[in-house]
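Written below as structure tokens is the structure these notes are about.
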Amino acid sequence: MTKWVYSFGEGKAEGRAEMKNLLGGKGANLAEMSNLGLPVPPGFTVTTEVCTYFYAHGRQYPDSLRAEVGAALAEIERIVGMKFGDAENPLLVSVRSGARASMPGMMDTVLNLGLNDVTVAGLARRSGDARFAYDSYRRFIQMFGNVVLDVDHHHFEEVLEDHKRGHDLNLDTELTAEDWQEVIKGYKEVVQEALGRPFPQDPQEQLWGAIGAVFGSWMNARAITYRKLHDIPAEWGTAVNIQAMVFGNMGGDCATGVAFTRNPSTGENAFYGEYLINAQGEDVVAGIRTPQHLTIAGKIANGSDLPAMEESMPEVFAQLNAVRLKLERHYRDMQDIEFTVQQSKLYMLQTRSGKRTAPAALKIAVDMVREGLISEKEGILRIEPKSLDQLLHPTLDPKATKQIIAKGLPASPGAASGKVVFTAEEAEKQAGLGENVILCRVETSPEDIHGMHAAKGILTTRGGMTSHAAVVARGMGRSCVAGAGELRIDYKRGIITVRNVEVRAGDIITIDGSTGEVMLGEVPTIQPELSGDFAELMGWADAHRRMKVRTNAETPLDARTARKFGAEGIGLCRTEHMFFDADRIIAVREMILAESEAGRRTALAKIAPMQRKDFVELFKIMKGLPVTIRLLDPPLHEFLPNSEAEMVEVAKAAGTDLQKVQHRSLQLHEANPMLGHRGCRLGISYPEIYEMQARAIFEAAVEVFKETGETVIPEIMIPLVGTKKELDILKAVIDRVGAEVIAASGHKVDYLVGTMIELPRAALQAAKIAETAGFFSFGTNDLTQTTFGISRDDAGAFLPDYQRAGILEHDPFVTLDTEGVGELVQIAAERGRKTRPDIKLGICGEHGGDPSSVYFCEKVGLDYVSCSPYRVPIARLAAAQAAIEGEKRASEA
Ligand code: PEP
Ligand code: MG
């Protein structure tokens with residue numbers, strides 16, 4: 001019989017940390033903490049399998065669930081010596097959701113469940129604190145009303161505000177038991193009015209209502225959006241955790257807080273967290289009261305004048321710090337914890353691996369390797385390759401003049417500039433139009449996630465370092481300034497005011513999530529420093545990876561950037577990109593529009609010295625590393641002049657008349673150019689083009705050798721080959737030119753001629769093509785296009801439909817379709833190697849910088865991946881992770 005419920009408490013548990021799939025993250029870790037002997041209030045977890053059952057059976061529960069929940073509840077009652085629904089000594093519980101991965105889009109928490117008109121009186125008598133009891137009851141009605149009964153939050157807020165105004169009260173703490181009783185009356189009326197029935201008084205009905213709400217929230221729109229953004233499958237389901245309440249709001253010796261075992265922003269190995277005296281958990285997260293710091297150091301660093309927990313509750317703090325160290329040693333990772341202090345006794349309510357910024361992830365991983373807590377390989381696996389992006393991105397230029405209008409909390413690092421928008425919808429809309437936007441909100445909530453994702457940065461005027469905006473932005477890698485309280489946002493007028501400055505929707509601002517500064521206008525930025533921990537981690541990655549990492553680059557700037565990021569050569573130099581420069585486009589157009597070989601040769605002679613200079617520069621930057629140069633690839637009409645003025649200019653340069661140019665231009669136009677007269681087909685029709693390019697390459701190699709003594713071994717690459725014959729013909733042209741240059745210069749140049757594999761026919765014919773090709777480079781952009789028969793330029797219009805319909809999980813132009821396109825890659829690699837065992841294999845499509853595609857390349861055994869300069873470090877790390885995972889698989893097999 002399936003077991004649906006797992007209990008924990010009294011220093012033991014039925015579950016363990018490894019049972020995350022069944023118990024969810026929260027439940028598994030509550031069990032683990034109980035097993036570790038930490039002070040965890042007793043409770044139980046209803047498993048994720050119940051959630052799955054629930055949706056598979058028309059929202060019904062398994063038959064035995066009620067009995068199991070009843071027994072587990074009785075066990076809590078036994079441990080704490082209280083009774084659920086008892087008029088004299090009522091047990092109250094919390095109900096929380098808990099999926100495998102934390103999911104901010106879902107129903108979160110209901111506290112104080114079990115309170116009603118009768119039990120509240122019992123709680124008042126038992127605790128000797130009527131104010132506390134009625135405050136707890138009104139919180140319960142509000143939370144339950146909001147998250148279970150779906151009554152809008154602001155109805156309750158209005159009742160409370162009205163009461164305060166009517167009685168001339170400012171702070172919640174000024175309200176007495178009698179005040180709360182009146183507020184409760186108002187709250188119950190709100191529920192009655194909204195639902196047409198009274199607030200449920202039966203604790204069992206409350207409990208099952210809350211359980212149902214947790215399971216129901218798994219399929220709400222926010223949760224679905226979040227899952228989509230984070231690749232979380234719907235089948236995982238959520239668990240429900242039910243736990244005896246402990247109270248942080250029972251007086252001055254009570255508190256509640258959240259903490260990280262290391263600083264989640266910088267990674268510094270220092271206890272980092274916030275707490276509130278006499279408060280319940282949601283007060284900290286909601287950012288309604290200003291939290292106090294745990295440590296004196298934290299208090300000083302943040303310029304707070306409120307006492308740190310280290311000062312106000314030194315004994316409990318020492319205990320908490322001991323828990324911190326124990327948890328880190330046990331989990332061997334930075335933890336994010338929640339705790340409550342009830343009458344000076346510490347209780348642990350949650351632990352999980354803490355979300356951290358990319359810089360913090362790096363520092364923590366490197367520090368933990370140094371501390372001997374984890375191995376180098378584990379350190380490498382701890383960093384999400386894509387997150388390195390954040391370390392490579394610009395920060396504000398310290399020399400730039402900044403017009404700072406406010407300072408908030410440095411909630412998520414990195415600088416971002418953009419247009420001010422006030423709603424998530426507007427952020428999404430503007431970003432869709434290609435605008436950079438900063439989403440400005442008083443505070444954010446899970447409804448805003450899609451807008452936060454679309455924005456470059458997030459600015460809030462309320463909330464702390466653990467507020468929703470801060471946590472979500474860090475997870476997403478968006479820069480964020482939170483709690484900039486001097487700013488006043490007026491949503492209605494679409495305006496932010498601070499002192500006498502007004503910022504309107506659409507104005508540009510800059511935020512610095514590392515300092516908390518908010519600035520007017522766009523502030524210039526500088527490149528990041530890649531030394532220190534970053535270099536150390538990348539060094540480990542380099543030592544553990546098998547595949548080389550090259551870059552796709554043709555400009556000196558890109559080539560230098562890529563070298564700085566550790567590129568080990570160029571995997572793709574797209575020579576056509578060198579054709580667009582203003583000083584050469586005329587000659588290029590002249591070449592294209594020429595009607596005879598002689599005309600083309602005249603124009604090519606003008607281009608040749610410029611190409612040679614380009615290659616000399618690239619070879620010098622790459623200092624003997626391999627450089628793959630691809631000969632002209634795109635359809636010629638991409639270079640055609642568009643306006644009449646441009647045509648006149650070309651006609652003049654070529655010594656012909658406008659009409660001829662116009663006529664030829666029409667002739668060259670193609671309806672489906674990506675399948676047309678491009679790639680090696682140009683070389684077949686106009687061999688003189690490839691001849692010029694090959695000559696420029698050889699001459700550049702000779703020149704670099706003569707100038708610097710550096711030996712260059714160019715890899716000359718022919719695009720869009722489909723047959724061996726094409727390659728044979730073009731290789732012969734290259735070999736002839738090579739022999740000529742070698743003879744004329746007296747310097748021997750070693751070189752390779754190879755091909756791109758970017759047509760299915762080429763993949764299938766790889767055995768034959770390898771007879772001629774010295775290397776294959778998988779052009780997976782075109783290979784994806786030609787395998788799917790989907791245009792890489794136009795697919796954006798309907799790919800989202802395919803993703804929604806579940807036909808494609810990812811955009812195949814971003815993440816390699818390992819099943820289909822991948823099979824062709826595998827076939828070509830196998831067949832190519834069979835013919836030529838030492839054939840060099842690489843990938844130069846966009847997928848070369850996508851971590852999951854890099855994993856695939858490792859599996860197929862490619863020699864290198866090549867990607868754009870900024871993705872080189874990502875590819876280096878992903879290649880190392882792929883190699884380590886490969887070793888693991890091999891040793892398991
Ligand atoms: C490719 O097709 O994958 C490739 C790298 O070439 P391009 O993107 O220039 O067509
Ligand atoms: Mg291509």
Segment 775-793, subset aromatic (F, W, Y) and more than 8 Å from ligand 1 (Cβ to nearest atom), residue surrounded by the fewest Cβ atoms within 10 Å (Cβ to Cβ): F788
Residue within segment 723-732 that is away from ligand 2 (no atom under 15 Å from the Cβ), more than 37 Å from the chain's Cα centre (by Cα) and surrounded by 23 or more Cβ atoms within 10 Å (Cβ to Cβ) present: yes
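Residues checked against (1) outside any loop (DSSP other than H, G, I, E, B); (2) within 14 Å of ligand 1 (Cβ to nearest atom); (3) β-branched (V, I, T); (4) farther than 27 Å from Q765 by Cβ:
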| residue | (1), (2), (3), (4) |
| --- | --- |
| G796 | yes, no, no, yes |
| T818 | no, no, yes, no |
| R831 | yes, no, no, no |
| K834 | yes, no, no, no |
| S852 | yes, no, no, yes |
| C857 | yes, yes, no, no |
Condition met for R876 (modelled with pLDDT under 95 and either under 26 Å from the mean Cα position of the chain (by Cα) or on the phi > 0 side of the Ramachandran plot (or both)): no
Breaking point among (1) crowded, with 23+ Cβ neighbours inside 10 Å; (2) more than 16 Å from P719 (Cα to Cα), for Y802: (1)
Residue pairs meeting the criteria (Cβ under 7 Å; at least 6 apart or on separate chains; first among the polar types (S, T, N, Q), in segment 841-854; second part of a loop (DSSP other than H, G, I, E, B) and away from ligand 2 (no atom under 12 Å from the Cβ)): S852/T815; S853/T815; S853/L816
Qualifying residues in segment 760-774 (those that are surrounded by fewer than 24 Cβ atoms within 10 Å (Cβ to Cβ) and within 15 Å of ligand 1 (Cβ to nearest atom)) - the one farthest from G820 (Cα to Cα): R761
Residue under evaluation N146, criteria (1) closer than 18 Å to S97 by Cβ; (2) touching a strand residue (DSSP E or B) at 6+ places or on another chain (Cβ under 8 Å); (3) of a type outside the set (A, V, I, L, M, F, W, C), criterion not met: (2)
Unique match (being away from ligand 2 (no atom under 16 Å from the Cβ), assigned to a helix (DSSP H, G or I) and surrounded by 19 or more Cβ atoms within 10 Å (Cβ to Cβ)) among V753, V737: V737
Members of segment 798-816 found to be at pLDDT below 95 and within 13 Å of ligand 1 (Cβ to nearest atom), listed by number: P812, F813, V814
Segments classed as strands (runs of 3 or more DSSP E), wholly inside segment 312-413, with at least 3 members that are in the same structural domain as V501 (by TED's automatic domain parsing) and farther than 27 Å from A99 by Cα: 404-407
Residue, farthest from K564 (Cα to Cα), within segment 621-659, restricted to residues that are away from ligand 1 (no atom under 16 Å from the Cβ) and of a type in the set (S, T, Y): T656
Lone unmet requirement of (1) more than 16 Å from ligand 2 (Cβ to nearest atom); (2) under 17 Å from G599 (Cα atoms); (3) assigned to a helix (DSSP H, G or I) for T656: (3)
Checking E771 against (1) part of a loop (DSSP other than H, G, I, E, B); (2) within 16 Å of ligand 2 (Cβ to nearest atom); (3) touching a residue at least 40 places away in the same chain (Cβ under 8 Å); (4) of a type outside the set (F, W, Y), the condition it does not meet: (2)
Qualifying residues in segment 778-795 (those that are among the hydrophobic types (A, V, I, L, M, F, W, C) and away from ligand 2 (no atom under 13 Å from the Cβ)) - the one nearest to C857 (Cα to Cα): F788
Residue within segment 772-783 that is within 29 Å of the chain's Cα centre (by Cα) and of a type in the set (A, V, I, L, M) present: yes
Qualifying positions in segment 622-639 - more than 16 Å from ligand 2 (Cβ to nearest atom) and buried (at least 20 other Cβ atoms within 10 Å of the Cβ): M622, P626, V627
Every residue from segment 8-60 that is of a type in the set (G, A, S) and more than 15 Å from S97 (Cβ to Cβ): G9, G11, A13, G15, A17, A31, S34, G37, A56, G58
Filtered residues of segment 853-871 (kept if of a type outside the set (D, E, K, R) and modelled with pLDDT under 95): C867, S868, P869, Y870
Segment 849-893 - residue that is charged (D, E, K, R) and crowded, with 24+ Cβ neighbours inside 10 Å and, of those, nearest to R560 (Cα to Cα): R871
Matching residues in segment 690-723 - criterion: being within 26 Å of E597 (Cβ to Cβ) and either modelled with pLDDT under 95 or polar (S, T, N, Q) (or both): Q693, T723
Criterion (farther than 24 Å from V46 by Cα, in contact with a Phe, Trp or Tyr (Cβ under 7 Å, 6 or more places away or on another chain), aliphatic (A, V, I, L, M) and modelled with pLDDT of 95 or more) met by exactly one of A255, A308: A255
Residues (touching a residue at least 40 places away in the same chain (Cβ under 8 Å) and under 22 Å from V523 (Cβ atoms)) located in segment 433-457: I438, C440, R441, K456, G457
Selection count, segment 637-679, where residues are more than 29 Å from I718 (Cα to Cα) and among the small types (G, A, S): 5
Selection count where residues are in contact with a Leu (Cβ under 7 Å, 6 or more places away or on another chain) and surrounded by fewer than 20 Cβ atoms within 10 Å (Cβ to Cβ), scope segment 327-370: 2
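The values are calculated or read from the model by the stated rules, or taken from the named source; none is laboratory data. Every value quoted in this text rests on a predicted model; they were computed, and no experiment measured them. Using ideal geometry, Cβ is built from the backbone for each residue, glycine included, and neighbour counts are taken over all protein chains shown.
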